[in-house]
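The values are calculated or read from the model by the stated rules, or taken from the named source; none is laboratory data. Keep in mind it's a predicted model, so treat the numbers as computed, not measured. Cβ coordinates were reconstructed from backbone atoms using ideal geometry, including for glycine residues, and neighbour counts include every protein chain displayed. The protein model used for the area step is the full one, side chains on, heavy atoms only, and it has no ligands, DNA or RNA in it. Shrake-Rupley method; radii C 1.70, N 1.55, O 1.52, S 1.80 Å.
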Amino acid sequence: MTDALTPFLDPLAAGIVVGGTLAACILRFSLANLARAVAALRALPRAEHDAAPELAQVAALGRIARKHGVMALDRSVIDDPDVAMAIARIVDGAGPDDVAAAIVYAREARIERHLTAAQVWASIAEAAPACGLVGTLIGLVQMFSAMQDPATIGQAMAVALLATLYGALIANLVAAPIAGRLRRLARAEAFQRARLEAPLVALATREMPRHREIAA
């Protein structure tokens, strides 16, 4: 198996494609965005987000608030950060408009982070073939400049062909599928998280009179 793959391995061609692609991404994105794109790889095996557990917990929290008062929610353990943030605001007496604005902002900020990670991988898919073409041109220049030495023609031709191969593989079998998967997960999560807004705003609306009575 190793012998069969040996003709397709060339450090120079790989260095041109991988190094050029990384350089293009570093110039285009911040280091924080690049780190976020790498961290986003952990989400690839996950199923699309389903807000059913969060909706069930919001309903349960509403029953607790109705029975024991809204201050009892302060002791609840809430795993989802967006729901926890909204409940904390409701406990602090925020009105429905404030709660709705906070939920929308948190959702949009989360989706923006996800889409930025997808954009990084889409940029890799865009840059890799171009860097492969650069490697091909470098190999051809080396080949034509050494026509008088047949021993070097083979290495230069290998760089020219393998650089294009590496660029195509990185773009079409790695980066583009990852970008597409991340976009699909982000869209699904945005849709599911939008379902949380109505019940949380309803809870804030219902608890507002109680906060006013306590303040009075």
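How much accessible area per residue does segment 75-195 have, in Å², with a 1.4 Å probe? Show your work: numbers first, answer last.
Values: 6190 Å² over 121 residues.
On a per-residue basis, 51 Å².
Tell me, what ³J(HN,Hα) does each residue in segment 31-45 have, in order and in whole Hz, if you take phi through Karplus 6.51 cos²θ - 1.76 cosθ + 1.60 with θ = phi - 60° and put x for Gly and Pro?
Running phi through 6.51 cos²θ - 1.76 cosθ + 1.60 with θ = phi - 60° gives 5, 5, 5, 5, 5, 5, 5, 5, 5, 5, 4, 5, 7, 4, x Hz.
Tell me the relative contact order for the chain as a rounded percent, counting alpha carbon contacts under 8 Å between residues six or more apart.
Value for the chain: 35 percent.
Identify which of 205, 136, 21 has the largest mean-square fluctuation in a Gaussian network model of the chain, with springs joining Cα atoms closer than 10 Å.
Maximum fluctuation in the GNM of the chain, among the listed residues, is at 205.
Let me check against my output: what whole-number percent is the relative contact order of segment 1-104, with C-alpha pairs under 8 Å and at least 6 apart?
Here the relative contact order equals 14 percent.
Return the carbon/sulfur percentage of the accessible area of the chain, one whole number, probe 1.4 Å, all protein chains in place.
Carbon and sulfur atoms account for 65 percent of the accessible area of the chain.
Could you give me the ³J(HN,Hα) list for segment 103-110, computed from phi with Karplus coefficients 6.51, -1.76, 1.60 and θ = phi - 60°, whole Hz, x at Gly and Pro?
Residue by residue, segment 103-110 yields 5, 5, 4, 4, 5, 5, 5, 5 Hz.
With every protein chain in place, what's the accessible area of residue 71 (1.4 Å probe, Å², nearest 10)?
Spelled out: residue 71, probe radius 1.4 Å, area about 110 Å².
Place a +1 charge on the Cβ of each Lys and Arg in segment 1-81 and a -1 charge on the Cβ of each Asp and Glu, then give the dipole magnitude about the Cα centre in debye, rounded to the nearest 20.
480
With θ set to phi - 60° and the Karplus curve 6.51 cos²θ - 1.76 cosθ + 1.60, what are the ³J(HN,Hα) couplings of segment 62-70 in order, to the nearest whole Hz, using x for Gly and Pro?
Result, ordered by residue: x, 5, 5, 5, 5, 8, 10, x, 5 Hz.
Quick one: putting +1 on the C-beta of Lys and Arg, -1 on the C-beta of Asp and Glu, what dipole do you get for the chain around its Cα centre, in Debye to the nearest 20?
660
Taking R0 as 45 Å, what FRET efficiency do you get between residue 48 and residue 145 from their Cβ-Cβ distance, rounded to the nearest 0.05?
That gives a FRET efficiency of 0.25.
Select from 168, 60, 40 the residue whose mean-square fluctuation is largest in a Gaussian network model of the chain (Cα-Cα springs shorter than 10 Å).
Fluctuation is largest for 60.
Note down the accessible area of residue 46, probe 1.4 Å, to the nearest 10 Å².
140
Taking +1 at the Cβ of each Lys and Arg and -1 at the Cβ of each Asp and Glu, which of 58, 102, 86 sits farthest along the dipole of segment 46-114 towards its positive end, judged by Cα position relative to the Cα centre?
58
Which one, 149, 50, 92, has the greatest fluctuation when you compute a Gaussian network model over the chain with C-alpha springs under 10 angstrom?
149
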